[in-house]
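Engineer: Here's a structure for you.
The values are calculated or read from the model by the stated rules, or taken from the named source; none is laboratory data. Because the structure is a prediction, the values reported are computed rather than measured. All Cβ positions, even for glycine, are placed from backbone atoms using ideal geometry, and neighbour counts span all protein chains on display. We work out accessible area using only protein heavy atoms, side chains counted, and drop any ligands, DNA or RNA first. Shrake-Rupley method; radii C 1.70, N 1.55, O 1.52, S 1.80 Å.
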Amino acid sequence: RPEFNLDEAKMRAAVKRTLAMLQARQNSEGAFGVWHAGSYVNPYQTTYAAHFLVELREHGFDVPAPLFDRVIRYLKSLVAEKHSSLEELRAASYALYVLSRAGFLMTNEIGSLREQLDKTEPKRWRKDLAGLLLAGTYKLLHLDQEAQSLIAEARMDAPVVTSYRHYYDPTVYRAQ
């Protein structure tokens with residue numbers, strides 16, 4: 001963003017350091033450990049890092065193919081799993097959104113994930129970040145009616161139950 005007047009050399013150096021850190025923290029499944037590759041892995045946190053990599057690619061940065069390909073493989077496996085809680089489904093919804101942003105056609109997966117959401121949390125998920133992320137995915141897939149029906153239920157002042165273990169609080173909900 002030119003209006004930020006950032007020093008391009010410093011910015012590129014910071015991106016290079018961040019990519020090196022992510023490479024060092026990526027495990028063999030493609031997820032990112034909190035402190036190192038073998039440490040605790042959180043699906044939401046890994047998806048957040050993958051979102052960053054997708055944004056970098058969209059803005060013309062060179063993201064190492066092995067780093068990107070492994071995290072994409074991880075996101076696809078996350079989306080394909082059966083989930084039993086809203087927290088897990090929120091992370092899977094985020095992964096589905098990021099995969100769609102990366103250019104993957106996720107039409108079958110969105111139907112499966114929506115079924116899981118309807119079965120697991122039929123009354124809560126539409127007002128949760130999971131609903132907003134699904135709406136974003138529908139929009140990317142040009143399924144505008146489905147996207148609009150979910151967006152219509154979103155509220156900036158929605159009550160959000162904080163769960164730091166799952167990287168979720170009112171700030172995360174509103175920022176996303």
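Engineer: I need a count of the residues in the range 122-151 that are touching a residue at least 40 places away in the same chain (Cβ under 8 Å) and of a type outside the set (Val, Ile, Thr). Before you say what the answer is, go through the steps one by one.
Structural biologist: First pass over the range 122-151, keeping only residues touching a residue at least 40 places away in the same chain (Cβ under 8 Å): 128-130, 132-134, 137, 140-141.
If we keep only those that are of a type outside the set (Val, Ile, Thr) too, we end up with 128-130, 132-134, 140-141.
Here the count works out to 8.
Engineer: Now, a different point. What's the total number of residues in the range 1-42 that are hydroxyl-bearing (Ser, Thr, Tyr) and either in a helix (DSSP H, G or I) or touching a Phe, Trp or Tyr at 6+ places or on another chain (Cβ under 8 Å) (or both)?
Structural biologist: Qualifying residue count for the region: 1.
Engineer: Of all the residues that make up the range 43-60, how many are modelled with pLDDT under 95 and closer than 21 Å to Ala13 by Cα?
Structural biologist: Number of matching residues: 2.
Engineer: Applying the selection to the range 142-156, what residues are over 15 Å from Ser93 (Cβ atoms) and either polar (S, T, N, Q) or touching a Lys or Arg at 6+ places or on another chain (Cβ under 9 Å) (or both)?
Structural biologist: Result: Gln145, Gln148, Ser149, Arg155, Met156.
Engineer: For the range 104-122, give me each residue that is open to solvent by less than 40 Å² (accessible area, probe 1.4 Å), of a type outside the set (A, V, I, L, M, F, W, C) and closer than 18 Å to Ala147 by Cβ.
Structural biologist: Once the filter is applied, which keeps residues that are open to solvent by less than 40 Å² (accessible area, probe 1.4 Å), of a type outside the set (A, V, I, L, M, F, W, C) and closer than 18 Å to Ala147 by Cβ, the range 104-122 yields only Gly111.
Engineer: Restricting to the range 104-131, count the residues that are acidic (Asp, Glu) and within 17 Å of the chain's Cα centre (by Cα).
Structural biologist: Result for the range 104-131: 2.
Engineer: Shifting gears a bit: Which condition does Gly33 not pass, out of (1) under 24 Å from Lys16 (Cβ atoms); (2) open to solvent by less than 10 Å² (accessible area, probe 1.4 Å); (3) modelled with pLDDT of 95 or more, if it passes all the others?
Structural biologist: (3)
Engineer: Evaluate the range 98-116: report whether one residue or more is over 30 Å from His59 (Cα atoms), outside any helix (DSSP H, G or I) and without any contact (Cβ under 8 Å) to a residue 40 or more places away in the chain.
Structural biologist: The answer is no, given that none of the residues of the range 98-116 is over 30 Å from His59 (Cα atoms), outside any helix (DSSP H, G or I) and without any contact (Cβ under 8 Å) to a residue 40 or more places away in the chain.
Engineer: While we're on this one: If you go through the range 152-162 one residue at a time, how many are closer than 10 Å to Arg126 by Cα and either free of Cβ contacts under 8 Å to residues at least 24 places away in the same chain or over 20 Å from the mean Cα position of the chain (by Cα) (or both)?
Structural biologist: Matching residues across the range 152-162 total 2.
One line per residue, one yes/no per condition, for (1) under 12 Å from the mean Cα position of the chain (by Cα); (2) modelled with pLDDT under 95:
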{"residue": "Phe68", "(1), (2)": "no, no"}
{"residue": "Glu87", "(1), (2)": "no, yes"}
{"residue": "Ala95", "(1), (2)": "yes, no"}
{"residue": "Ala102", "(1), (2)": "yes, no"}
{"residue": "Leu133", "(1), (2)": "yes, no"}
{"residue": "Arg165", "(1), (2)": "no, yes"}
{"residue": "Tyr173", "(1), (2)": "no, yes"}
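Engineer: Have a look at Val98, Val71 and point out the one that is within 30 Å of Ala24 (Cβ to Cβ), touching a His at 6+ places or on another chain (Cβ under 9 Å) and surrounded by 19 or more Cβ atoms within 10 Å (Cβ to Cβ).
Structural biologist: Val98
Engineer: Just to confirm my filter: which helices (runs of 4 or more DSSP H) fall fully inside the range 123-176 and include at least 2 residues that are open to solvent by less than 60 Å² (accessible area, probe 1.4 Å) and more than 20 Å from Tyr48 (Cα to Cα)?
Structural biologist: Once the helices (runs of 4 or more DSSP H) in the range 123-176 are filtered for at least 2 residues that are open to solvent by less than 60 Å² (accessible area, probe 1.4 Å) and more than 20 Å from Tyr48 (Cα to Cα), what remains is 144-151.
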